[in-house]
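The values are calculated or read from the model by the stated rules, or taken from the named source; none is laboratory data. Just so we're clear, the structure is a prediction, and the values are computed from it rather than from any experiment. Heads up, the Cβs are rebuilt from the backbone with ideal geometry, glycines too, and the neighbour counts pull from every protein chain shown. Note: areas computed on protein heavy atoms with side chains; ligands, DNA, RNA excluded. Shrake-Rupley method; radii C 1.70, N 1.55, O 1.52, S 1.80 Å.
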Amino acid sequence: MNKNDDTYFMRLALEEAKRAFLEEEVPVGAILVKDGDIVAKAHNQRETSQDPTGHAEILALRIGADKSKNWRLTNATLYVTKEPCIMCAGAMLNARLGRLVYGCKDEKAGAVDSLYKLLSDGRLNHQIEVVSGILEEECSDILQRFFKARR
């Protein structure tokens, strides 16, 4: 994958985040890609489903594993608009995800670069390649607009 591919797929993840925004969910979107093909699209659905695990990343990983008939997503890339939390980073490690590309940092709950560095922790049996800052401003903007409207 190159930077152009990363930008293209992050734009699709932003479209998913916009869907979440319209559903009054925290606007986070995720796209799972394997061999250049989209395997799964998802956005946050915690409020809609009343499921604490209803994060975009978890949903995309579930769909991807189901479609692949394999829980191991070693050769897949997950594009997410916001830095994943501890739960989502743990799920990525358990799925043996090959690569994560995310938009903006989450200084309050980020488990990839901000608070924790779970995906690069050498004590674990799997590490994940990480690219951050793709369409960072757009990814941050939609979150800021969402929370500003609720204050």
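Close lysine pairs were tallied over the range 18-151: pairs 8 or more places apart or on different chains with Cα atoms under 22 Å apart number 20. Residues whose amide H comes within less than 5 Å of that of Gly29, counting only those at least five positions distant or on another chain, are Ala17, Thr81, Lys82 (H built at 1.01 Å from N in the peptide plane). For the chain, Cys85, Cys88 have no disulfide-compatible partner, since no other Cys C-beta lies under 4.7 Å from theirs.
Overall form of the chain: rounded. Here a/c, set by the Cα gyration tensor axes a ≥ b ≥ c, is under 1.5.
In order along the range 30-44, phi translates into HN-Hα couplings of 9, 10, 9, 10, 9, 6, x, 9, 6, 9, 7, 10, 7, 9, 3 Hz, rounded to whole numbers, per the Karplus curve 6.51 cos²θ - 1.76 cosθ + 1.60 with θ = phi - 60° and x for Gly and Pro.
Could you check how much of the accessible area of the chain is carbon and sulfur, as a whole percent, using a 1.4 Å probe? Before the final figure, lay out each step's value.
Values: 3850 of 7980 Å².
Taking all protein chains in place, the chain shows 48 percent carbon and sulfur surface.
Taken per residue, the accessible surface of the chain reaches 53 Å², heavy atoms only and a 1.4 Å probe. The accessible area of Ser68, taken with all protein chains in place and a 1.4 Å probe, comes to roughly 40 Å². Surface calculation, 1.4 Å probe, protein heavy atoms: Cys104 sits at approximately 10 Å² accessible. Couplings 3J(HN,Hα) for the range 52-60, derived from phi with the Karplus relation 6.51 cos²θ - 1.76 cosθ + 1.60 (θ = phi - 60°), are x, 9, x, 7, 3, 5, 4, 4, 5 Hz, where x marks Gly and Pro.
Scalar couplings 3J(HN,Hα) for the range 138-148, obtained by applying the Karplus form with A = 6.51, B = -1.76, C = 1.60 to θ = phi - 60°, are 5, 5, 5, 4, 5, 5, 4, 4, 4, 6, 4 Hz; x denotes Gly and Pro.
Please figure out what share of the DSSP beta bridges in the chain is antiparallel and state it in percent, rounded to the nearest 5.
55
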